[in-house]
Amino acid sequence: MQIILDQFKATVAKAYAQKTPLRIGGGGTKHFYGNAVPQTHVLLDTRPYHGIVAYEPTELVITARAGTQLADVQALLDRHGQMLAFEPPFFGESATLGGCIAAGLSGPRRAAAGAVRDFVLGVRLLSGKAEDLSFGGQVMKNVAGYDVSRLMAGAMGTLGLLLEISLKVLPKPPVELTLRMAMDQASAIEAMNRWAGRPLPISATCFTDGMLTIRLSGAESAVEAAHAKLGGEELDDGAAFWQSIREQTHDFFQSPQPLWRLAVKSVYAPMSLPGNALIEWQGGLRWLSCDDPEAVERIRKSAKEAGGHATLFRRNGLAAAAFHPLDDGMMRIHRALKEKFDPAGILNPGRLYPEF
Amino acid sequence: MSVHKLVNRLRAFLPVEAVLYEPEDLRPYECDGLSAYRQMPLVVALPRTEEQIVSILKLCYETQTPVVARGAGTGLSGGALPHAQGVLLSLGKMKQIIAIDPLARTARVQPGVRNLAISEAAKPYGLYYAPDPSSQIACSIGGNVAENSGGVHCLKYGLTVHNIMKLRVLTIAGALLEIGGESLDSAGFDLLALMTGSEGMLGIVTEVTVKLIPIPEKAQLVMAAFDDVQKAGNAVANVIGAGIIPAGMEMMDKITIHAVEEFLHAGYDLNAEAILLCESDGAAEEVADEIARIHAIMQQSGAINISTSQTEAERLSFWAGRKAAFPAAGRVSPDYYCMDGTIPRKHLADVLQGIEHLSRQYGLRCMNVFHAGDGNLHPLILYDANQPGELEKTEEFGGKILEMCIRAGGTITGEHGVGMEKINQMCTQFGTGELEMFHAVKAAFDPQGLLNPGKAVPTLHRCAELGAMHVHRGEEKFADLPRF
C-alpha cells in the first residue's frame, strides 16, 4: 500500500505545483451528486488504496482505507452482528467508503441513529499540498484539536484526499418490524413527530402516496410492545422496502424529472410546491420530484423558510446549482477554509460550490 | 489599550454594572475549574444581549484586544483562563431559555443556560437534553459547546456534537454566522462539528438550538464487583460484544471505592479491586431483557458480587458513590487534579498498572474513575498545594499519564479540552503538519488570533522548545506500551 500512497502523494504534489485540478473518484456511484466537474481534470482513482486497517468489534471501531468497497465493510460488520448505523446509500455495488464519507449521505436510520458525520472518529488525509495528516483517532471521545475529521463528511473531497477513515459502529438490532398505515400527509408529519417524542424504538419513517411506513428496531419485547401501542399492518418484506428507499429504487424515484432533496424542520407543514413528494426522517427530509424549471428559486426559498435547505439531488436535465447557496459570511469562511486545506484549489474544484 | 479607555468605551453601550475592572470584582474570574492556573483579566464584560456582544467584539477587533469567553467557569482545562491584556467575556447573564418546541423536540437557549436547566424545562413534555457532564447542575450550554462535553451516558446518547442542531456564532469582527439549521443537516461544510469543541478559539456562541429526546420509560442498574481490574475490563468488552450498548458503563478502582464508601456508605464491596456500574434504559420490556443479559455476562466474567437495583431509589444510591468520587477525593486529600485521557478499552489494565507505577514513582496517590463504555479515563491525582513543589510534581505525573494514553492509541483529552493544561501534550499527540493546520483553521475564522489566544493549540516554537516527541500515528502504539 505504501507504493500506492507514494503515487497519490506524487500526483497531488504535481497537481499542486502545476496548479492543475484533480477529480477524485472511487466507484463512480455518486457522480450524479453535486456539481459536475470537467472531464478534462485529471482523475485520481482512490480504489487502489483499499483494505481494512483495523477492526475490533468490542471496541466498536473500524478503520479502513478510503478505496475499500463499502460492501466489504458492511459484510465484515454483518458477520460480527454490527452495522454502519447511519445506513448509507450505496447507489451501486462499486461504492467505496471514501465516497460514502465525502458525499456525507445517510439513509433511513438517520433521524434515529445519526448521520455519517456523527460516526466519524478520525481520518487520515492528503491535503492539497500533499501533506499526510491525521485528525481525530480511534476512540469514542476525543477533543484534542479542532474536529477536522467530521468536517470531511459531506465536503465532497474539496478539503482533502481521504486515505483512511475510523468509524464508530453499532450492534445490529436483534429484531426489525415494518408497519404500514394509511394517512394523509399532514397527519403523517404530525404522527411521526409525536411518536419521536415518546420512548418508542422507531428506527425509520417514510410517507408517500397516502401511506405511512415505519420501522421498529430493538429487542423483540420492545418491538412487540411498540407494535401494540402503534397498531398498523405488518409489511412482509420490510427490509426490501427500506432498501428501495435507501437506494432510490422505489417507484417514487423512477420519475425522469429532476429530484430535489429538502432538509427541513421536521414539524413543518406539507410544503406547497409543485410535484410529487416522499417524506423521511420523521418529517425532516422531503424528496420532491418536480420538472418545473421555473420553480428552482421557489423551492430554495421554501426550504429556507422551512428552516433548512434544498439540494438538486438528481439533475435529470435541469441546469441549476446542486447545493443551496451560502450567505456572504458563510461563503467567506468556506473559502478561507478551502484556501488553508487546498491553497492551489486542485481538489475537486467546483464540485461543492462554483466559487471554490 | 489602557484599562480606563477600555472601560469607558465599553460603558458607551454596556450598563455600569456590566463592566468590572476593580481587582476585587475581577478576582472571581481569575480561574475556571482548574484553579492551579490563575490570571486576572484587564476587564470583565457581562453582556445580556447579542447586540451588546457584537459591540464588545467590534471594539476588541478595532483595538486588537484579546477576548476570552467564559460560561459557568466549571471547565477543567483552564480554557477560560483570562488574558492579562484582554476582556473576559462572561456569558453568564445570557441565561434565557428562548423557546421549547415539544413536537419538533428542540430547545433554543442562550449560551449561559445551565445544562440541567434545559432538561428541567423540557421535563413537562417528557423530554430531556441527553449529554450530562458531571458538572451539569452548574455548567452552561455555551461551555458544553466549546468543550464538546460528554457525560456518563454518551456511549449511547452521544456528545454535545451529536445533540445540537444550530448555533448563532459571532466572529471576532462581530459578524453573525448561522451554523447548522432546524433541519438535520445544512448546506456546505459541517461547521457545526468544527465549532463544537473549538474552545472559544473560533467564535462566540450567542444561541444554541439543542435536540431533546424522550425520557426513557425505565432505567435500571447492575453493580458488579471484581477482584481483578482485567476481569472488569473484560466484562465491559463482553457486554458490548454481546450487542448491548449500555446507557451508562462506569468503573471505579479500589482506592476510589474505599474513598467513596467511607464518605457515603453506598454499600460498595470493599474487597473489590474494581466496581462496574452498568445501566440499561428504554422501554420497560427492553430493560428487563437487557438487565438479565448484563447480569449473566457479569457472572460469566467472574464478578465476585452482583446487585441489581430494584427501585429507583436504589439505582440512585448505586450511582451516588460514582457521582461523589470528586468530593470524596476532596475529603481524603487537600487537593486533587483531575486528568482526562481516552484509550482503547482493551488497554485498560495495562494503563492502570502504568498509572500505579507512576503513582509510586512520584509518591502521590491516584484514584481512577473511568467512563468504561467509551474508554474515557479520569485519574484523580491527590496532592497538597501547600507542599512546595507538589503541584509541579502532580502536573508532571499527569503529563506522563496523558503520554501513556497516546502510546496506547488514545488521546490526551476525551471531554475536558486542551485549554492551557494539556497544551504541551498536544505536541506529543500531533505532528507539525496537523498543528499547522489547526492554526490555519483558526486563522480562517480569526486571522489576528484575538479569541482565547495561547490556548488549545501550541505554537510550533513551543513544541520545539519542549523537545516533545510526536508519536507518529501511533505506529508502534501497541508494541511500545509501557509494561511495568
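The values are calculated or read from the model by the stated rules, or taken from the named source; none is laboratory data. None of the values given here were measured: they were computed from a predicted structure. We place every Cβ from the backbone using ideal geometry, glycine too, and count neighbours over all the protein chains shown.
One table, with the values for the structure above:
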read-out: Residue list for the stretch A:21-54, filter: crowded, with 19+ Cβ neighbours inside 10 Å and part of a strand (DSSP E or B); value: A:LEU22, A:ARG23, A:ILE24, A:GLY25, A:LEU44
read-out: Residues of the stretch A:56-75 satisfying the condition of being buried (at least 18 other Cβ atoms within 10 Å of the Cβ), within 16 Å of A:GLU164 (Cα to Cα) and not polar (S, T, N, Q); value: A:VAL61, A:ILE62, A:ALA64, A:ARG65, A:ALA66, A:GLY67, A:LEU70, A:VAL73
read-out: Failed condition for B:GLU286, given (1) part of a helix (DSSP H, G or I); (2) in contact with a helix residue (DSSP H, G or I) (Cβ under 8 Å, 6 or more places away or on another chain); (3) under 23 Å from B:ILE401 (Cα atoms); value: (3)
read-out: Unique match (being within 14 Å of chain B (Cβ to nearest Cβ) and within 30 Å of A:ARG315 (Cβ to Cβ)) among A:ALA219, A:ALA228, A:ALA188; value: A:ALA188
read-out: The listed residue being modelled with pLDDT of 95 or more, out of contact with any Ser or Thr (no Cβ under 9 Å at 6 or more places or on another chain), of a type in the set (S, T, N, Q) and surrounded by fewer than 23 Cβ atoms within 10 Å (Cβ to Cβ), out of B:SER301, B:SER280, B:SER333; value: B:SER301
read-out: Among the residues listed as B:LEU192, B:LEU202, the single one being assigned to a helix (DSSP H, G or I), within 21 Å of B:GLY143 (Cβ to Cβ) and in contact (Cβ under 8 Å) with a residue 24 or more places away in the chain; value: B:LEU192
read-out: Residue in the stretch B:145-156 that is within 7 Å of another protein chain (Cβ to nearest Cβ) and assigned to a strand (DSSP E or B) present; value: no
read-out: Residues located in the stretch B:350-384, provided they are more than 19 Å from the chain's Cα centre (by Cα) and within 14 Å of another protein chain (Cβ to nearest Cβ); value: B:VAL351
read-out: Which numbered condition A:GLY98 fails, given (1) out of contact with any strand residue (DSSP E or B) (no Cβ under 7 Å at 6 or more places or on another chain); (2) assigned to a helix (DSSP H, G or I); value: (1)
read-out: Verdict on B:ARG11 being over 28 Å from A:GLY145 (Cβ atoms), among the basic types (Lys, Arg) and not assigned by TED's automatic domain parsing to the domain that holds B:CYS338; value: yes
read-out: Residue pairs meeting the criteria (Cβ under 9 Å; at least 6 apart or on separate chains; first within 16 Å of B:HIS470 (Cβ to Cβ) and within 7 Å of another protein chain (Cβ to nearest Cβ), in the stretch B:395-418; second assigned to a helix (DSSP H, G or I) and β-branched (Val, Ile, Thr)); value: B:GLY410/B:VAL351; B:ILE412/B:ILE406; B:ILE412/B:THR428
read-out: Criterion violated by B:TYR129 - all others in (1) touching a Ser or Thr at 6+ places or on another chain (Cβ under 8 Å); (2) at pLDDT below 95; (3) of a type outside the set (A, V, I, L, M) satisfied; value: (2)
read-out: The stretch A:144-162: number of residues that are among the aliphatic types (A, V, I, L, M) and either in a loop (DSSP other than H, G, I, E, B) or over 18 Å from the mean Cα position of the chain (by Cα) (or both); value: 5
read-out: Candidates B:ALA224, B:ALA235 - the one that is within 14 Å of another protein chain (Cβ to nearest Cβ), touching a helix residue (DSSP H, G or I) at 6+ places or on another chain (Cβ under 7 Å) and aliphatic (A, V, I, L, M); value: B:ALA235
read-out: B:LEU88 being over 19 Å from the mean Cα position of the chain (by Cα), buried (at least 24 other Cβ atoms within 10 Å of the Cβ), closer than 25 Å to B:GLU395 by Cβ and among the hydrophobic types (A, V, I, L, M, F, W, C); value: yes
read-out: Residue in the stretch B:435-456 that is farthest from the other protein chains (Cβ to nearest Cβ), counting only those that are surrounded by fewer than 21 Cβ atoms within 10 Å (Cβ to Cβ) and without any contact (Cβ under 8 Å) to a residue 12 or more places away in the chain; value: B:GLY449
read-out: Members of the stretch A:328-351 found to be within 7 Å of another protein chain (Cβ to nearest Cβ) and within 17 Å of A:GLY154 (Cβ to Cβ), listed by number; value: A:MET330, A:ILE333, A:HIS334, A:LEU337
read-out: Hits in the stretch B:238-274 (condition: part of a helix (DSSP H, G or I), more than 14 Å from chain A (Cβ to nearest Cβ), of a type in the set (A, V, I, L, M) and more than 30 Å from B:LYS123 (Cβ to Cβ)); value: B:ILE255, B:ILE257, B:ALA259
read-out: Check on A:GLU339, among the acidic types (Asp, Glu) and closer than 30 Å to A:GLN18 by Cβ; value: yes
read-out: Per-region count, the stretch A:129-140, residues in a loop (DSSP other than H, G, I, E, B) and surrounded by 24 or more Cβ atoms within 10 Å (Cβ to Cβ); value: 4
read-out: Condition broken by A:ALA322, with the remaining ones in (1) assigned by TED's automatic domain parsing to the domain that holds A:PHE207; (2) within 22 Å of A:PRO88 (Cα to Cα); (3) touching a strand residue (DSSP E or B) at 6+ places or on another chain (Cβ under 9 Å) satisfied; value: (1)
read-out: Test: residue in the stretch A:304-327 that is within 11 Å of chain B (Cβ to nearest Cβ), of a type in the set (Val, Ile, Thr) and closer than 15 Å to B:PHE445 by Cβ; value: no
read-out: Answer from A:ILE299, A:ILE279, A:ILE346 - the residue that is touching a strand residue (DSSP E or B) at 6+ places or on another chain (Cβ under 8 Å) and either assigned by TED's automatic domain parsing to the domain that holds A:GLN39 or over 22 Å from A:ASN35 (Cα atoms) (or both); value: A:ILE279
read-out: Counted residues, the stretch B:165-178 - those being at the interface with chain A (Cβ under 8 Å from one of its Cβ atoms) and touching a Leu at 6+ places or on another chain (Cβ under 7 Å); value: 2
read-out: Candidate set: the stretch B:67-125, residues that are within 22 Å of B:PRO23 (Cα to Cα), assigned to a strand (DSSP E or B) and not charged (D, E, K, R); chosen: the one nearest to the other protein chains (Cβ to nearest Cβ); value: B:ALA69
